[in-house]
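**Student:** Please read through the structure below; I'll follow up with questions.
The values are calculated or read from the model by the stated rules, or taken from the named source; none is laboratory data. Note that this is a predicted model, so its numbers are computed, not measured. Note: ideal-geometry Cβ built from the backbone for every residue, glycine included; neighbour counts use all protein chains shown. Ligands, DNA and RNA are stripped out before the accessible areas are found, and what is left, the full protein with its side chains, is counted by its heavy atoms. Shrake-Rupley method; radii C 1.70, N 1.55, O 1.52, S 1.80 Å.
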Protein chains: 2
Amino acid sequence: MNKVFAVGIGPGSAEFLTQQARAALEEADLLCGYTTYLDLVRDLFPDKPRYATPMTKERDRCLYALEQAAQGRTVAMVCSGDAGVYGMASLLLELAPGFPGVLVEVVPGVTAALSGAAVLGAPLGHDFCAVSLSDRLTPWAQIETRLALAAEAGFLLCLYNPASRGRSDALRRACDVLLTKLPPETVCGWVRNIGRPGQESRILPLSALRQEALDMFTTVFIGNATTRCIAGRMVTPRGYRGPEGAARP
Amino acid sequence: MNKVFAVGIGPGSAEFLTQQARAALEEADLLCGYTTYLDLVRDLFPDKPRYATPMTKERDRCLYALEQAAQGRTVAMVCSGDAGVYGMASLLLELAPGFPGVLVEVVPGVTAALSGAAVLGAPLGHDFCAVSLSDRLTPWAQIETRLALAAEAGFLLCLYNPASRGRSDALRRACDVLLTKLPPETVCGWVRNIGRPGQESRILPLSALRQEALDMFTTVFIGNATTRCIAGRMVTPRGYRGPEGAARP
């Protein structure tokens, strides 16, 4: 009681839930979250009271959860993927000081960078960056700067929110920035509906990624100079020496 | 059979296992891995045959797993955290073409960036990079370049392998690079033995982080200009507008 769990449930189906996340959802008297994410756990906890708000009402949702906890309830804020990566954990912790006595506990989960990578193979086998292409809370110029510097530094990239209503060209614009730093044949990949019905994926060069029409349920992976397509899988070696110990180019 | 699961088991105790990871470990006839990681799942599967090799024998370990799978066994390669992030998934996929008929399936897990972040609060609430400070497979000059460009671009940073035998000064050297780009009061944090007995953590400014004597079981978090310490938690807002909708500095 007097507690809000910020729970990362992974990409979708129950098989990606950690035991810790399942226990937190079980303990909760009330499940809060974006409608789509609450639907993902409906089968597990069909009778739990729930409070759903649309995508842009994050603040209202967090305030409601904290208010309910202040009144003695145990609340779970259900987040897709991880609770802290583009999730609700930070907003809950920012607002929590207004609700003395309420504890916010963060329960981590398998974020799309990890679950999507596993579908493609091992694209994030070395240092990587996660970048959201949503400019709802971040100026686009800053997103472009981050993409350019990350590519210049040889980071692998995982792109969240490659498109949404009204931003259909974000991925194309991001690819144009990356193409100023990376060769067009750079191995890339995307995964749509990770761990959900209709999961699909593709491995393709950066020049072709630029043409793809992807939606907001897709996660995109950009390789570095060592990333290869091996037997249909996207693979980035862990270091600069090959499996035989020979130096890589 | 004829299968190697690359399984991410999360930071340690069984509560961080996903249902998918547990099922893969159950299905396996043989558990392979670095000795320390195999010990983490010993209580769950005390009677499973196991093949353990020390830290630097990754290639031998992967070849053994693939050979056993080629002979008809189902093998689980146990990785701490996620199987693809500084784990064995990429090496298995690189070597797999030498073992026709063997399937490598990657099972994601909660990597230290996520589990450590949850202990501290929500340090990775915006775009972030993961960087390993180990120069065993990567030249140190490249690590320094990545740190500098990541900090310049305003990325949050999660540092893996901040120290190891013979590299006690890696964190100090990394902090010195970061201090050329970030103010000394930048909010940072570290977590040691995440999800294991003896877990400890600290939130401190970058200038103080430089002095810390941390070991290889520690994960380090570097904030950006928006990261704050709020009621003892390390919190990075999701965007550049505050919880009240006001623009941030």
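**Student:** Could you tell me how many of the residues in segment A:89-114 are on the phi < 0 side of the Ramachandran plot, in a loop (DSSP other than H, G, I, E, B) and open to solvent by 10 Å² or more (accessible area, probe 1.4 Å)?
**Tutor:** Of the residues in that region, 3 qualify.
**Student:** All but one of (1) open to solvent by less than 10 Å² (accessible area, probe 1.4 Å); (2) on the phi > 0 side of the Ramachandran plot hold for B:Gly154; state the number of the condition that does not hold.
**Tutor:** Against the list (1) open to solvent by less than 10 Å² (accessible area, probe 1.4 Å); (2) on the phi > 0 side of the Ramachandran plot, B:Gly154 comes up short only on (1).
**Student:** Now for a different question. Given the options A:Asp135, A:Asp169, name the one that is away from chain B (no Cβ under 14 Å), among the acidic types (Asp, Glu), open to solvent by 10 Å² or more (accessible area, probe 1.4 Å) and farther than 20 Å from B:Leu157 by Cβ.
**Tutor:** Sole residue among the options that is away from chain B (no Cβ under 14 Å), among the acidic types (Asp, Glu), open to solvent by 10 Å² or more (accessible area, probe 1.4 Å) and farther than 20 Å from B:Leu157 by Cβ: A:Asp169.
**Student:** Quick check: anything in segment B:185-194 more than 14 Å from every other protein chain (Cβ to nearest Cβ), surrounded by fewer than 22 Cβ atoms within 10 Å (Cβ to Cβ) and more than 15 Å from B:Ser207 (Cα to Cα)?
**Tutor:** Yes, there is a match, as at least one residue in segment B:185-194 is more than 14 Å from every other protein chain (Cβ to nearest Cβ), surrounded by fewer than 22 Cβ atoms within 10 Å (Cβ to Cβ) and more than 15 Å from B:Ser207 (Cα to Cα).
**Student:** Any idea which of B:Thr35, B:Thr74 is in contact (Cβ under 8 Å) with a residue 60 or more places away in the chain and in contact with a strand residue (DSSP E or B) (Cβ under 6 Å, 6 or more places away or on another chain)?
**Tutor:** Testing whether each residue is in contact (Cβ under 8 Å) with a residue 60 or more places away in the chain and in contact with a strand residue (DSSP E or B) (Cβ under 6 Å, 6 or more places away or on another chain) leaves just B:Thr74.
**Student:** Moving on to the next point. Can you name the residue in segment A:18-52 that is touching a helix residue (DSSP H, G or I) at 6+ places or on another chain (Cβ under 8 Å) and open to solvent by less than 10 Å² (accessible area, probe 1.4 Å) and is also farthest from the other protein chains (Cβ to nearest Cβ) among such residues?
**Tutor:** Within segment A:18-52, the match that is farthest from the other protein chains (Cβ to nearest Cβ) is A:Leu30.
**Student:** Here is a follow-up. Please go through segment A:4-17 and give me each residue that is of a type outside the set (Asp, Glu) and either crowded, with 24+ Cβ neighbours inside 10 Å or touching a helix residue (DSSP H, G or I) at 6+ places or on another chain (Cβ under 6 Å) (or both), ordered by number.
**Tutor:** Across segment A:4-17, the qualifying residues are A:Val4, A:Phe5, A:Ala6, A:Val7, A:Gly8, A:Ile9, A:Gly10, A:Pro11, A:Gly12, A:Phe16, A:Leu17.
**Student:** Further question: Report whether or not A:Ser80 is under 14 Å from the mean Cα position of the chain (by Cα), of a type outside the set (Asp, Glu) and open to solvent by 10 Å² or more (accessible area, probe 1.4 Å).
**Tutor:** Here the answer is yes, as A:Ser80 does meet what is asked.
**Student:** Does any residue of segment A:199-207 turn out to be touching a Ser or Thr at 6+ places or on another chain (Cβ under 8 Å), closer than 20 Å to B:Leu93 by Cα, away from every other protein chain (no Cβ under 14 Å) and open to solvent by 40 Å² or more (accessible area, probe 1.4 Å)?
**Tutor:** Yes, segment A:199-207 contains at least one residue that is touching a Ser or Thr at 6+ places or on another chain (Cβ under 8 Å), closer than 20 Å to B:Leu93 by Cα, away from every other protein chain (no Cβ under 14 Å) and open to solvent by 40 Å² or more (accessible area, probe 1.4 Å).
**Student:** I would also like to ask the following. Checking A:Gly121 against (1) within 16 Å of the chain's Cα centre (by Cα); (2) within 27 Å of B:Gly81 (Cα to Cα), which test does it fail?
**Tutor:** Result: A:Gly121 passes all but (1).
**Student:** Residues of segment A:115-169 being closer than 25 Å to A:Arg196 by Cβ, in a helix (DSSP H, G or I) and hydroxyl-bearing (Ser, Thr, Tyr), which ones?
**Tutor:** A:Ser115
**Student:** From the list A:Leu124, A:Leu159, exactly one residue is of a type in the set (A, V, I, L, M), open to solvent by less than 10 Å² (accessible area, probe 1.4 Å), facing another protein chain (nearest Cβ under 7 Å) and under 17 Å from B:Leu124 (Cβ atoms). Which is it?
**Tutor:** On inspection, the qualifying residue turns out to be A:Leu124.
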